[in-house]
Amino acid sequence: MNVINSNYWKKNLVLFALLLGLVLYDLTLGSFLIGFPDIFNGVFNYDSSSTEELTVRIFRFPRVVTAILSGAALSIAGLLMQTLFQNPLAGPYVLGINSGSSLLVAISTMSSFYIFGSDLGIVAAAMIGAFGAGLFILFCSVYVKNKISLLLIGIMFGSFAGALVSVIQAYADPNNLKTFMLWSFGSLQGVAFNQLGILALVVAIGVFLSVVLVKPLNLLLLGDKSASLLGVNVKAIRFLIIVATSILTGVITAFCGPIAFVGLVVPNMVKVIYKTTNHYHLLSGSLLGGALLIVVCDIAMQLLLPYFNLPLNALTALIGAPVVMWIIMKKF
Amino acid sequence: MLTFQDLHIGFGVSKGAITKIKRKELRVLFTSENLTFKPGEFVAVIGPNGSGKTTLFNTILGHQEPLSGAIEIQGKIWKDLDKMEKAKHLSFVPSKFNGVDHLTVYDLVAMGRAPYTNMLNKLTEEDQLVIQKVLVQLGLTNFVNKNTINLSDGERQIAMIGKALSQEAEIMILDEPTAFLDYNNRRKVLQLLKEIAKVNNQIIFISSHNLELCFEYCSRVVAIDANAKQLLDFSAPFDKEKIINKVF
């Protein structure tokens, strides 16, 4: 079978067209509607005297781009975890990868250890936290063969990290505490225009690493032993998968807060739509599908804004939790 | 050509795991004299449970090292080869493969080309020809687009053999290939393997508890004598009673 299969590219194209349309629609939404000419000018040719263009520049464009990047990154991270652990319920949130990030972000924003004070410092802290949690789960997976047990360990690890965060919160300065609480609700507004470059670059590195891993990922589906006998260096690949996952999860967690369930839901949906095990297609599908899901969530939040303020994390959990139950009923 | 040179097969047993000092004690399961296997041979490894069939396979597959002695393939010391090199010399079929959702038979067979493809796993024309040949040889041409999860146990076993065949390795190892199959499929798979060994000039190893079928289809039987801790070598025609009395 060829790498380029027109059937899958058609599906990609449909998703991409859908995404593009929704992104344009999402850019018009907010506290007031903005027309397309102002959006165009705001992004490419902005003039600070126009309120519309300024709003696009400062709020909307960063918000929508962050939605795209966070959805894509978290979904790909989820896909990598699902293949690594051979478990459809694996994902950065369920396995405690996000919690690891949260813990280190909490330490660096609220405690007196100001090692990671700056913006980039928080990104680094979140990645290190994600990486630590990833290594921990990887280590556990060697001893715990049962898939559900591994998820329970991930959830327990999440609770443990959450408890440590509570302890830090109890002693935190009220201002820092408020910042942290708002961060933990999950938000797409936390990224400024000039930070988008960093976010995009880091996500691109994570995506590139995942694309490089496509061949071993495909072979890992047969199990570690069979993959190893087809020439895959399983230990190194596992390590690289954890690195890619922590880059993708860490950077998004740092900027947007711990966003739940996206990494779990999207790859499962993509597998149903694409009906393939080839990670080229699953990766491109997760990238587009993840971006699509968060953009849709953002549109919902913007439309509901006049009535009530729905935190992103609540919305993704509202979608995600039923999907998890559905998968458990179907596959276990 | 595969050679066993004064092979001692076994594993290290951790003693005193509770105390802080772990002492590794070596337990030898069996030893083998110098044995040579030539292309075209269909070899059955038999022996009682726990005698070391799996350990022998694991040693050949490189999951563990022999206690002493060496395995040579084409005159090269086996454990010195790197993973990629090994994958071109040796293919393996586990006793049970449950299928992966959405993985088609074609994709499964194509996975066998992994040691030859580039990093993007692009199948060249040559790769596609090999896969096509394998599909025809195994009679899988009508199954190419079938989901591996929806196949019968027999079909799935043959698809896995297809994956191993497309690896184009001169040695194929099958761990109890007939354990989960019914009577007809057992015969079908063994007949297929016998033909493959001859036609493709490959060395095929199987382990099995089904002695009658081994004696019927295989050209050589290697038996593990658990009492004498020795590997015994028999060639067709087999003196069944003698072998069974000695080994079991």
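No value in this document is a laboratory result; all are computed from the given coordinates. Just so we're clear, the structure is a prediction, and the values are computed from it rather than from any experiment. Ideal geometry is used to build each Cβ from the backbone, glycine not excepted, and the neighbour counts take in all protein chains shown.
Brief remarks follow.
- Distance violations [Cα-Cα > 26 Å] among A:LYS145/B:LYS96; A:LYS10/A:LYS147; B:LYS53/B:LYS133: A:LYS10/A:LYS147; B:LYS53/B:LYS133
- Considering helices alone, the calculated mean residue ellipticity of chain A at 222 nm is -25000 deg cm²/dmol, with DSSP H runs of length four and up weighted by -39500 (n - 2.57) and normalised per residue.
- Sites listed here are GluC sites (Glu not before Pro) in region B:23-110 whose DSSP assignment is loop and whose Cβ has at most 14 other Cβ atoms within 10 Å: B:GLU33.
- In chain B, the calculated helix contribution to ellipticity at 222 nm averages -10000 deg cm²/dmol per residue, counting -39,500 (n - 2.57) for every DSSP H run with n ≥ 4.
- The label-point distance for B:GLU125 and A:LEU201, in a model that sets each label 7 Å from Cα toward Cβ, rounds to 4.4 nm.
- Part-to-part distance (alpha-carbon centres) for region B:151-212 and region A:116-191, which is given in Å: 49 Å
- Partner aspartates and glutamates whose Cα lies under 13 Å from the Cα of B:LYS86, excluding those fewer than 8 positions away in the same chain, are identified as B:GLU72, B:GLU168, B:GLU170.
- Three principal axis extents of chain A based on alpha-carbon atoms, in descending order, are 64, 55, 34 Å.
- Range of Cα positions in the protein assembly as shown per principal axis (Å), largest first: 97, 59, 42
- For residues of B:96-103, the mean tally of beta carbons on other chains within 10 Å: 4
- Under a model in which nothing but the beta-carbon of Lys, Arg (+1) and Asp, Glu (-1) is charged, the protein assembly as shown shows a dipole of about 1040 debye around its Cα centre.
- Scalar couplings 3J(HN,Hα) for region A:134-151, obtained by applying the Karplus form with A = 6.51, B = -1.76, C = 1.60 to θ = phi - 60°, are x, 5, 4, 5, 4, 4, 5, 5, 5, 9, 9, 8, 6, 5, 5, 4, 5, 5 Hz; x denotes Gly and Pro.
- Cut-off 13 Å between beta-carbons: net charge of the residues surrounding B:PHE234, Lys and Arg +1, Asp and Glu -1: -1
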